[in-house]
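The values are calculated or read from the model by the stated rules, or taken from the named source; none is laboratory data. What you are looking at is a predicted structure, and each value in this text was computed from that prediction instead of being measured. Don't worry about glycine lacking a Cβ; one is built from the backbone with ideal geometry, like all the others, and counts go over all protein chains shown. To get the accessible areas, we keep the full protein, side chains included, count just its heavy atoms, and leave off ligands, DNA and RNA. Shrake-Rupley method; radii C 1.70, N 1.55, O 1.52, S 1.80 Å.
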Amino acid sequence: MNNKLKIKISVRNLNIYYGKFLAIKNITLDIPERSITAVIGPSGCGKSTFLRALNRMNELLPDVKTEGEVSIDGRNIYSPDVDLVKLRRNVGMVFQRPNPFPKSIFENVAFGLRIQGIRDRERIEETVELSLRRAALWDEVKDKLYKSALELSGGQQQRLCIARALAVQPQVILMDEPASALDPIATLRIEDLMRELKEEYTIVIVTHNMQQAARVSDFTAFFLTDEDRAGMLIEYGNTSDIFTMPKDPRTEGYITGRYG
Amino acid sequence: MVNPRHIFDEEIRRLRTDLLRMGTLAREAVDKSIKALVNRDSSLAEEVIVGDDIIDKMDLDIEMKCMELIARQQPMARDLRVIGTILKTITDLERIADHAVDIAKIVKILADQPPLKPFIDIPKMCEISLSMLDDALKAFVNEDTELARKMCERDDLVDALYDQVFRELLTYMMEDPKAVVRALYLIFIARFLERVADHATNVGERVVYMITGVLKELNV
């Protein structure tokens, strides 16, 4: 990997257990700043568990135990003094199914600001517009900001969720299968948006769709389960290398559709 | 609405520009090699030989970029034909440049020997072959199937000139054994130019394929 890139997220010896079950085992990798890193692998290989570890979302699930270290800008996010609200504001998340609130388009994007206690109307309006522009949605919704978000198409709803995540000014955006519920054109629009966003944000995406990882990401991590069904990191590198000359035969088998 | 694949489009556009730049370098190499022959200019010949490294590198770089785009962007339909055309065409261009080097090497050998005869048909072969290549590249840029088809027809002229040069030089060899080495080298040069025209024809065929999807030989 290119040594000149600044590391944003550093993961060291990460183990995550659901009860007694070891879901991911000994993951160590560095995620460069302002780039798109994709995590690919078959179902059940721990991709989403890994992603949720990056903003401690796993802790919302019962009986989860996390070992190891995840540092963002050199600070371990698992140290006891970390403010979870701040952490999740800094590390936003976009999910598989667009999940707008049953509120207006405007209120969806303003939501994060309001729960931060921001009252300044002008500031809220500015932030909503900026976030919608960054999410490449502004032109499509600027005339109907006070209509229900649920009237938007799936692709628009997903971009709205991205705008909602951007409104609280995160540095990292986690995306868990952000396009799997969208049609091919809406999918390409999300990918195009991701390429624009990486100029300012660090993006980590989990996807079943390895063509999507190939198209959009700069770096790709391939996960696979071992004989005990624990997810492991098999190979990690430049996306071009992973998709044209993977080093591990298991990666080759997976991306050529012969394995996994 | 912005075209969601504008970055991919930009990458293809850049590839097309690179191909064109490579084609221009290859045509210049052939042109210089024949100028070096006519003017008995060894240093120009050396320039052609040294310059080939750049073209060889472009060949590899463009191929790797095409492979990467196929792996990462899953090109379909027209995009796929453009990338396939570029992948095939760089090989023809690289061979054309290699022939320029072959000619340049002979030019350096002949420079030490007295001229056999004035050059008439060989520069003419060069001119027609390069006009074919120029038109093939122009057809690629402008997506002009008509121009591509027409340029391929001129391959017959080059073949006819080759036969003529061959027969003429054969008589020189039969008349004077001391002329054999020089005449043989000139036959090689004519042969290389004939091959340049064949490669230009291949480029023209690929351009027609790229535009229409129909792949066939345009000059059999």
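For B:E127 and B:T17 in the same chain, what is the full-extension length gain: residue separation times 0.36 nm, less their Cα-Cα distance, in nm? Write down the numbers at each step before the final one.
Working: separation 110, 0.36 × 110 = 39.60 nm, distance 2.40 nm.
Here the answer is 37.2 nm.
Give the residues of the stretch A:117-142 whose amide nitrogen is closer than 15 Å to a point set 7 Å from the Cα of A:E200 in the direction of its Cβ.
Label zone hits: A:124-139.
B:E153 accessible area, nearest 10 Å², 1.4 Å probe?
For B:E153, solvent-accessible area is about 120 Å².
Between the stretch B:72-141 and the stretch A:127-168, what's the alpha-carbon centroid distance in Å?
54 Å
Treating the angle as unsigned and between 0 and 90°, give the value, to the nearest 10°, between the Cα long axis of helix A:105-115 and the longest Cα principal axis of chain A.
Between the helix axis and the principal axis of chain A, the angle is about 80 degrees.
Using just the helices of the protein assembly as shown, give the 222 nm mean residue ellipticity in deg cm²/dmol: DSSP H runs with n ≥ 4 each add -39,500 (n - 2.57), and the total is spread over all residues, rounded to 500.
Numbers: 17 runs with 276 residues, N = 480.
Helix-only estimate at 222 nm: -19000 deg cm²/dmol.
Within the set of other residues whose C-beta is less than 15 Å from the C-beta of B:I109, count the net charge using Lys and Arg as +1 and Asp and Glu as -1.
Within the 15 Å Cβ shell, the charges total 0.
For a quick check of your reading of the filter: which trypsin sites (Lys or Arg not before Pro) in the stretch A:146-250 sit in a DSSP loop and have no more than 13 other Cβ atoms within 10 Å?
Passing both the DSSP loop test and the Cβ count: A:K147, A:R229, A:K247.
With a cut-off of at most 16 other beta carbons within 10 Å, and DSSP calling the residue loop, which GluC sites (Glu not before Pro) in the stretch A:1-82 qualify? Please list them.
Filter output for the stretch A:1-82: A:E33.
Looking at the protein assembly as shown only, what percent of DSSP beta bridges run antiparallel? Nearest 5 please.
Details: 26 of 44 bridges.
Roughly 60 percent of the beta bridges in the protein assembly as shown run antiparallel, per DSSP.
Return the single residue from A:L160, A:L130, A:L54 with maximal mean-square fluctuation; model: Gaussian network over chain A, springs between Cα atoms under 10 Å.
Answer for the Gaussian network model of chain A: A:L130.
For A:E59 and A:D241, compute 0.36 nm times the residue count separating them, minus their Cα-Cα distance, and round to one decimal in nm. All intermediate terms of the calculation are to be shown ahead of the outcome.
Numbers: separation 182, 0.36 × 182 = 65.52 nm, distance 3.45 nm.
62.1 nm is the gain from fully extending A:E59 to A:D241.
What does the charge add up to near B:L130, with Lys and Arg as +1, Asp and Glu as -1, over the other residues with Cβ less than 10 Å from its Cβ?
Here the charged neighbours net out to -4.
Take chain A, connect every pair of alpha-carbon atoms lying under 10 Å apart with a spring to form a Gaussian network, then pick out the residue of A:P246, A:P184, A:P62 with the largest mean-square fluctuation.
A:P62
Percent of accessible area on the protein assembly as shown owned by carbon and sulfur, 1.4 Å probe?
Here it works out to 52 percent.
Counting Lys and Arg as +1 and Asp and Glu as -1, what is the net charge of the other residues whose Cβ lies under 11 Å from the Cβ of B:L215?
Taking every other residue near B:L215 into account, the sum is +2.
Provide the buried accessible surface between chains A and B in square angstrom, both chains summed, 1.4 Å probe, rounded to the nearest 100. Could you put the intermediate results ahead of the total?
Values: alone 12580 and 11300 Å², together 22690 Å².
Summed over both sides, the interface buries about 1200 Å².
Just grab the label-to-label distance for A:K142 and A:D248, each label 7 Å out from Cα along the Cβ direction, in nm (one decimal).
The answer from the label model is 4.7 nm.
How large is the accessible surface per residue of the stretch A:6-72, computed with a 1.4 Å probe and reported in Å² as a whole number?
Values: 2620 Å² over 67 residues.
Result: 39 Å² per residue.
Would you mind checking the tilt of helix B:6-39 against the longest principal axis of the Cα atoms of chain B, expressed as 0 to 90 degrees and rounded to 10?
In chain B, helix B:6-39 runs at an angle near 0 degrees to the longest axis.
Going by alpha carbons, how many degrees (0 to 90, nearest 10) lie between the helix axis of A:121-134 and the longest principal axis of chain A?
Approximately 50 degrees, to the nearest ten.
What whole-number distance in Å separates the alpha-carbon centres of the stretch A:1-59 and the stretch A:205-253?
Each part's Cα centre sits 13 Å from the other's.
Please identify every one of the chymotrypsin sites (Phe, Trp or Tyr not before Pro) in the stretch A:70-147 that sits in a loop by DSSP and has no more than 11 other beta carbons within 10 Å of its own beta carbon.
Numbers: sites: A:Y78, A:F95, A:F106, A:F111, A:W138, A:Y146; in loops: A:Y78, A:F95, A:Y146.
For chymotrypsin sites (Phe, Trp or Tyr not before Pro) across the stretch A:70-147 that sit outside H, G, I, E and B with at most 11 neighbouring Cβ atoms in 10 Å, the list reads A:Y146.
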